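Every number in this text was worked out from the coordinates using simple rules, so none of it is lab data. No experiment lies behind these values; they were computed from the predicted model shown. With ideal geometry, Cβ positions are generated from the backbone for all residues, glycine too; neighbour counts draw on all protein chains shown.
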Amino acid sequence: MKPFFKAVGHSLRYRWTILCAFLCSLLIAVIWSASITTVFPIVKIVLEGETAITWVEHEIESGERNLISVKNEILALENEYEETQDAKLANKLDLKKDRVAGEEKSLQWYRDVQPYVKKYAPDSAFQTLVVALAWLLGVSLFKGILLVISAILDARVAEKTVYDLRRIYYRKALELDQRRIDCIGTSNMMTHLSYNMTMVSSGLRMFYGKCLREPLKMITCLAFAAYISFPLLIISLIIVPAGAFLIHSVSRRMKKSTEVEMEGMADVFQTLIETFKAVKTVRIFNRERAERRRFKKNSRTLYQMQLRIALYDSLLRPITEVLSIVSISLSMLVGAYLVLNQETYLFDFIKISDTPIKPAMLLMFYAMLAGAADPARKMSEIINVIVRGGTACDNLFRTFGPEPLIQAPENPIAVPLHQESVEFEDVIFTYLPRQPVIKKLSLNVPFGQTIAIVGGNGSGKSTLMNLLARFYDPHLGRILIDGQDIRQMHPKKVRSQIAWVTQDSVLFKGTLWENVAYGKFGATDEEVMRALEVARVNDFVDELENGYHSDVGDDGKSLSAGQRQRVAIARAVVADPRILILDEATSQIDGQSEGVIHDSLTEFIKGRTTFVITHRQSSLRLADRVIVMDLGRIVHDSSVEEATANSEQFQVLFKKSA
């Protein structure tokens, strides 16, 4: 539960709202117990036909008679004790003297309140009943208003806190190491930032709502019961430790089931993401049935976990109800014994009250226990939601808590405006232990040079660019920009000089214009238009319904693959980078259009260091130099012409034309 209380600690910034929520809960608790006190006048009026005035008078008369009777008993016991010197008689004598003190104290209280009762209380039974019922109605209406206000305040604290946490953890998600993002997966990230946050919100609402209100209601009722007879209350609560143990045991199992449920939710999200993103692939291979089975399997696992949680949740309420009945039954046995025998002690040594408990007061005591039992029953609902919220917080902190490995140094050096070279110096990098992807690679690329990187799948081409952009850090070796180690620079400053166009062009939901302008914050219309011209987007924009302001759809699905690549190239161009990475950037574009785009890019890449990763020979026309990679090493480094003539690996990759 510690992670949940971290979320609670975060919510304390809204202390005034929390204070108001607490005051509302306190008032509701007081009103709850006060409304139960109407049981007493109603019982006295309906069953005995008394008013408040006659009730006080009768209590004074009864108290005076009891006092005289007890004093007479003391005199008789004293005489008997003088004759026998019996220890048991001495004990009875002490008990009777103690009762005299209690009777005198009770009698004095009734005498003190009698003038006020005569002055303000109704003088007829019916009027007394009307006042009691009016009081009950009034406090019930006031309690209802307070409940509405309390619910609004609880929701405000919970939702504002979750709003803050969602922003914080979304930011942390964007700052996570690429390796960790790959390990966590898209579905888990979505689960954490949506489903888990919803459970945190429910937990906080419950914490500042019922978790405050119900214990306070229970405490006020128990306080009234303690006023009537504290020892009898202690006897009634003997069963509580056993109940606490049972509830703790069920809660622990619920926590484990909730963790499995969250994993099941992530699996369902994963299935949905993969299916809808690749729905064409699913259909072309007629795999709808297989995907339905996979979804059914994951959904069934989730259903089973939710059913188990429902089972544990359902156990909590019967446990609290049975415990409440046992508690009240125990107190009824003891109370009935004392009332029927007009005793103040249980077993002659456990003092229960100063004076014998009257039936009406005992009924009041039971009403207070029942009033405390209802909040105790509702606490079972609180436990479920709080446990689930705590588990969600635990997952959030465990996922986003660790500090990213890729972060700015304490004293980052100034990042120079790239104008000298990019150098890889004895770089070694591995994704898995003892399986290096880059093997002691060294490479120097002068500023302004366009270098083509070619090689088979898995040779390390894209990994090399990931290292340059500091998505990962090399395990050994250094990467230098203008002679400065990029690990001594702020990652954002390094990336501000880099633009990257990938094979799978990623577009965001929005207009074509917005996707191009995404490449540079505050890009001017002139800069965007120039980028659109370089990427030859103007060749197809007239075909779109709203031109530059056409919505590209979810993931750019409103455009063809080639059109998406052109928009991605335009986005890179508008960034005006010093280092440009083209990773199969024109692989989806037809040959004729590719040639036109290359002509535009040839002019654009002048005065920039450009890395072209490609499997297409047509893209090599941009390159001043080509390196051939194989299994994480550079096996050839020359001009395109020399590689065509002398490199066997290059010749295999790009078969020479006849």
Quiz item: Going down the table (Lys92/Lys119; Lys492/Lys557; Lys461/Lys509; Lys105/Lys210), which pairs top 32 Å between alpha carbons?
Solution: Lys92/Lys119; Lys105/Lys210
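Work out, step by step, the length gained on full extension between Val635 and Arg287: first 0.36 nm times the residue separation, then minus their alpha carbon distance; give nm to one decimal.
Separation in residues times 0.36 nm, less the Cα-Cα distance, equals 121.0 nm.
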Exercise. Note the angle between two axes, namely the Cα long axis of helix 87-120 and the longest principal axis of the Cα atoms of the chain, as a number of degrees from 0 to 90, rounded to the nearest 10.
Key: 80 degrees
Quiz item: Given charges of +1 on the Cβ of Lys and Arg and -1 on the Cβ of Asp and Glu, with all other atoms neutral, how large is the dipole of the stretch 421-653 about its Cα centre, in debye to the nearest 20?
Solution: 940 debye
Quiz prompt | Residue-averaged [θ]222 nm for the chain, counting only DSSP H segments that reach four residues, each worth -39500 (n - 2.57) | solution = -22000 deg cm²/dmol
Self-check item: Zero-based 10 Å bins, Cα pair distances in the stretch 421-653, whole percents
Solution: 8, 32, 34, 20, 6, 0
Quiz prompt | In sequence order, calculated HN-Hα J values of the stretch 312-328 (Karplus, 6.51, -1.76, 1.60; Hz; x Gly/Pro) | solution = 4, 5, 5, 6, 5, 5, x, 4, 5, 5, 5, 4, 5, 5, 4, 4, 5
Quiz item: Arg171 versus Phe22, label points 7 Å from Cα toward the beta carbon: distance in nm?
Solution: 2.8 nm
Self-check item: the chain - charge dipole about Cα centre, Lys and Arg +1 at Cβ, Asp and Glu -1, debye rounded to 20
Solution: 1200 debye
Quiz item: Hey, which aspartates and glutamates would be in cross-link range of Lys378, C-alpha to C-alpha under 20 Å, not counting anything within fewer than 8 residues on its own chain?
Solution: Asp154, Glu214, Asp313, Glu321
Quiz item: Can you give the Rg and Dmax of the stretch 578-627 based on its C-alpha atoms, in angstrom?
Solution: 10.2, 28
Exercise. Find how much the distance from Asn646 to Phe521 grows on full extension, using 0.36 nm per residue of separation minus their present alpha carbon separation; answer in nm with one decimal.
Key: 40.5 nm
Quiz item: Mind checking which aspartates and glutamates have their C-alpha under 16 Å from Lys172, skipping anything on the same chain fewer than 8 residues away?
Solution: Asp164, Asp182, Asp394, Glu403
Exercise. Sort the following peptides by mean Cβ neighbour count (other Cβ atoms within 10 Å, averaged over residues), highest first: 161-174, 212-225, 248-261, 116-129.
Key: 212-225, 248-261, 161-174, 116-129
Quiz item: Looking at Ile284, Leu93, Leu77, which one has the Cα that reaches farthest to the positive end of the dipole of the chain (charges on Cβ: Lys, Arg +1; Asp, Glu -1)?
Solution: Ile284
Quiz item: On a 0 to 90 degree scale, rounded to 10, what angle separates helix 591-604 from the longest Cα axis of the chain?
Solution: 90 degrees
Quiz item: Which value, to two decimals, describes the C-alpha radius of gyration of the stretch 407-525 once divided by 2.2 N^0.38 Å?
Solution: 1.18
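Dividing the convex hull volume of the alpha carbon atoms of the chain by its residue count, what do you get in Å³ per residue?
Cα convex hull per residue, to the nearest whole number: 254 Å³.
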Practice problem: For a quick protection proxy, order the peptides 520-530, 620-630, 418-428 by their average other-Cβ count within 10 Å, most packed first. | Solution: 620-630, 418-428, 520-530
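Tell me the relative contact order for the chain as a rounded percent, counting alpha carbon contacts under 8 Å between residues six or more apart.
14 percent
Given a Förster distance of 22 angstrom, what is the FRET efficiency for Asp504 paired with Cys183, based on the Cβ-Cβ distance and rounded to 0.05?
Efficiency, rounded to the nearest 0.05: 0.60.
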Quiz item: Between the stretch 307-325 and the stretch 544-586, what is the C-alpha centre distance in whole Å?
Solution: 57 Å
Practice problem: Using only Cα atoms, tell me the angle between helix 240-277 and the longest principal axis of the chain; keep it within 0 to 90° and round to the nearest 10. | Solution: 20 degrees
Quiz prompt | Rh (Kirkwood; distinct C-alpha pairs) - the stretch 166-308, Å | solution = 19.5 Å
Quiz prompt | Residues in the stretch 562-591 that a label on Leu417 would reach, taking backbone N under 18 Å of a point 7 Å out along Cα→Cβ | solution = 574-580
Self-check item: Chain lengthening between Leu405 and Arg15 when straightened (0.36 nm per residue, less Cα-Cα)
Solution: 136.9 nm
Quiz item: Which ³J(HN,Hα) values, rounded to whole Hz and listed in residue order, are derived for the stretch 180-196 from phi using the Karplus coefficients 6.51, -1.76 and 1.60 in 6.51 cos²θ - 1.76 cosθ + 1.60 with θ = phi - 60°, glycine and proline given as x?
Solution: 5, 4, 5, 6, 5, x, 4, 5, 5, 4, 5, 4, 5, 8, 10, 4, 5
